[in-house]
Amino acid sequence: MKTSWMTAATISSLLTLAGCAGTGPNQQLGIAGGAVGGAVLGNAIGGNAASTLGGAAVGGLIGNEVGRNADQRNYYNNRGYYPNNGPRY
């Protein structure tokens with residue numbers, strides 16, 4: 001059990017560092033959170049190192065896409081591309 005948690009921490013750290021080059025803040029948070037969440041979920045489901053690593057990889061990829069979309073949305077909103085983005089009645 002201790003080895004799988006150490007493996008999950010190592011993999012999530014590596015995915016976080018690998019994903020930091022040229023990414024926005026939401027994308028970095030998405031990668032880190034997704035990798036940690038995926039590692040925990042993979043360990044809970046499979047209970048071995050392979051499922052922990054697989055969960056970290058899949059979670060990191062999903063978190064990357066979610067964070068990238070949030071960064072793009074923030075970029076376009078701050079540039080005024082969506083001027084009528086207020087409340088709709």
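Each Lys or Arg adds one and each Asp or Glu subtracts one; over the other residues with Cβ under 13 Å from the Cβ of D71, this totals +2.
Each of N69 and I45 was given a label point 7 Å from its Cα along the Cα-to-Cβ line. The distance between the two points is 1.9 nm.
We did not get these values from a lab; they are worked out from the coordinates using the rules stated. Since the model is a prediction, treat every value here as computed from it, not as a measurement. Every residue, glycine among them, receives a Cβ derived from its backbone with ideal geometry; neighbour counts consider all protein chains shown.
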